[in-house]
Structures are given as C-alpha cells and as structure tokens.
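The values are calculated or read from the model by the stated rules, or taken from the named source; none is laboratory data. Because the structure is a prediction, the values reported are computed rather than measured. Cβ placement follows ideal geometry from the backbone for every residue including glycine, while neighbour counts extend to all protein chains displayed.
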Amino acid sequence: MEGAAAAADAPRLEDAPGEPSHAAGPLRRIVSAAAWRLLWMAGGPRAVFTRVYRRNVWGNAESVSGPGSTESRGADFRDDLIDVLRRLDTRVLLDAPCGDFNWIGPVADAVPRYVGVDVVPELIERVRAAHGSERRAFACADLARDPLPRADVILCRDGLVHFSFREIRAALRNFQRSGATYLLATTFVDTARNTDIRTGAGWRALNLQAPPFSFPPPLELVDERCTGYGGRHREKRLGLWRMDALPV
C-alpha cells in the first residue's frame with residue numbers, strides 16, 4: 001500500500017488547517033506548531049504519527065496508543081461491541097487505525113477475519129510479529145489515501161479525533177471506496193460544536209452528527225462507559241452507520 005502513487009498524493013503544508021483561534025470542548029495538543037510543520041512537510045501523517053509512536057507522547061506505560069487503549073478501558077465495552085458485530089454477521093472486520101492492538105484481542109477473536117491497519121510502518125511490523133495469524137492480518141496504510149482491504153465493517157475508534165476536517169473527509173471517502181458496508185466510529189454525542197485541528201497535533205472530541213459532518217442518527221450506539229478523566233468524556237460512544245448513508 002506504499003509506493004509512487006501514495007508519494008504523489010502526499011499532503012502539502014497548504015492542505016492542512018490553520019490553528020483554530022479558540023476551541024470548543026476538550027482539546028489536547030501534543031506537537032508544537034513549529035514541529036508539526038516540519039514533520040508534515042517531511043512526510044505528512046506518516047511522519048507525524050511516527051513521531052508520536054517513537055516518543056510515546058501519550059505517556060502511557062501499557063499502550064503506546066494511549067490511555068484509551070488499555071486493557072481495562074477495552075474491557076468496559078468490548079462485550080457490547082462484539083454483540084453488535086455478531087448481529088451484523090461480520091465476516092471481516094477492518095480496524096482502522098489498529099494502533100498497538102493492546103485492547104482489541106477478544107474482538108478480533110470474535111470474527112472470522114480481522115485486519116488491522118495503521119500509518120506507522122514500525123508499529124505495524126511490531127504488531128504483525130506479536131499478533132499476526134491466519135485469522136489476523138496487519139498492513140501499513142494511510143487511512144485517507146491508500147487503498148484499504150474490503151471488509152464488512154470498518155471500526156474507526158479514536159482515529160478521526162486526531163484528524164483535521166479535511167483529513168476526516170478524505171478518510172471517510174476512502175472508507176466508502178473500500179466497499180465496506182458499515183462504519184463503527186467514535187463520536188461524542190453531547191459535543192455541540194466541532195473544532196478543526198492539525199492532523200496528528202493533538203486530539204479533541206468530535207460529534208459526527210454535528211457540522212461539518214452532519215451524519216444521520218446512528219443505527220446503534222455502543223456506550224464506552226468512559227467514566228474516568230473526571231467524567232469529562234461520559235458522552236463517548238461508538239456509532240454505527242451504513243457506509244452508503246454517510247454524506248461525504
């Protein structure tokens with residue numbers, strides 16, 4: 001999924017949004033504006049997220065993907081997620097991005113075929129060596145640009161919250177092009193206004209039903225039971241939509 005085509009489509013600095021003048025809701029920046037510009041010009045999302053991985057900028061001892069990817073966080077909602085996937089008769093699940101695969105093992109085991117993709121090459125090499133099997137495959141891919149494996153369901157948990165609006169739209173269009181039937185994605189149902197950020201420079205809560213995305217009501221919501229962090233993210237859900245219903 002690498003190659004000349006991907007290089008030709010590499011993002012330009014002018015493609016990225018400027019720093020928002022003010023933010024609505026939780027916003028955490030993990031890369032300074034100056035460092036981000038250098039990384040983006042050097043290699044776009046791959047360079048930015050590789051830096052995040054190598055420096056473990058989330059500072060979590062268990063998972064380089066951050067505190068949202070610990071075993072205990074996954075245990076809070078995994079059974080509900082597995083129930084949804086089984087009722088959808090999911091044969092192939094695409095986990096995009098898969099991160100370090102720390103919390104999702106039981107979910108991968110609940111479907112006949114699991115494919116995890118992430119933009120960081122050395123992270124994919126690590127998880128493939130540790131967790132790859134006949135039923136589990138891993139590939140390096142830019143979610144917004146590279147062709148993605150076909151799946152029944154794409155799980156995009158804690159991915160779009162790190163992307164600019166432009167990058168989110170590109171990723172959603174790429175998800176549709178993959179031929180997947182359903183999208184399960186992180187959404188914060190009580191967030192009133194979405195804020196733009198630089199891709200990979202931090203994260204913020206996103207409500208996919210609010211502008212500029214304006215998704216229809218989800219078919220289902222999986223409550224992540226995110227009661228930590230002083231209760232700031234109790235609204236966090238995984239929303240289920242048919243891919244062909246998304247206004248992208």
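Exactly one residue out of ALA110, ALA141, ALA96 is within 16 Å of the chain's Cα centre (by Cα), over 24 Å from ALA205 (Cβ atoms) and of a type in the set (A, V, I, L, M, F, W, C), and it is ALA141. Please enumerate the residues belonging to the range 52-67 that are assigned to a helix (DSSP H, G or I) and at pLDDT 85 or above. Once the filter is applied, which keeps residues that are assigned to a helix (DSSP H, G or I) and at pLDDT 85 or above, the range 52-67 yields TYR53, ARG54. Assessment of the range 210-230 against the conditions (at pLDDT 95 or above, within 14 Å of the chain's Cα centre (by Cα) and over 19 Å from ASP118 (Cβ atoms)) yields no matching residue. Tell me whether the range 157-174 contains one or more residues that are assigned to a loop (DSSP other than H, G, I, E, B), more than 16 Å from the chain's Cα centre (by Cα) and hydroxyl-bearing (Ser, Thr, Tyr). Scanning the range 157-174, I find no residue that is assigned to a loop (DSSP other than H, G, I, E, B), more than 16 Å from the chain's Cα centre (by Cα) and hydroxyl-bearing (Ser, Thr, Tyr), so the answer is no. ARG237 satisfies every condition listed in (1) among the basic types (Lys, Arg); (2) within 13 Å of THR186 (Cα to Cα); (3) modelled with pLDDT under 95 except (3).
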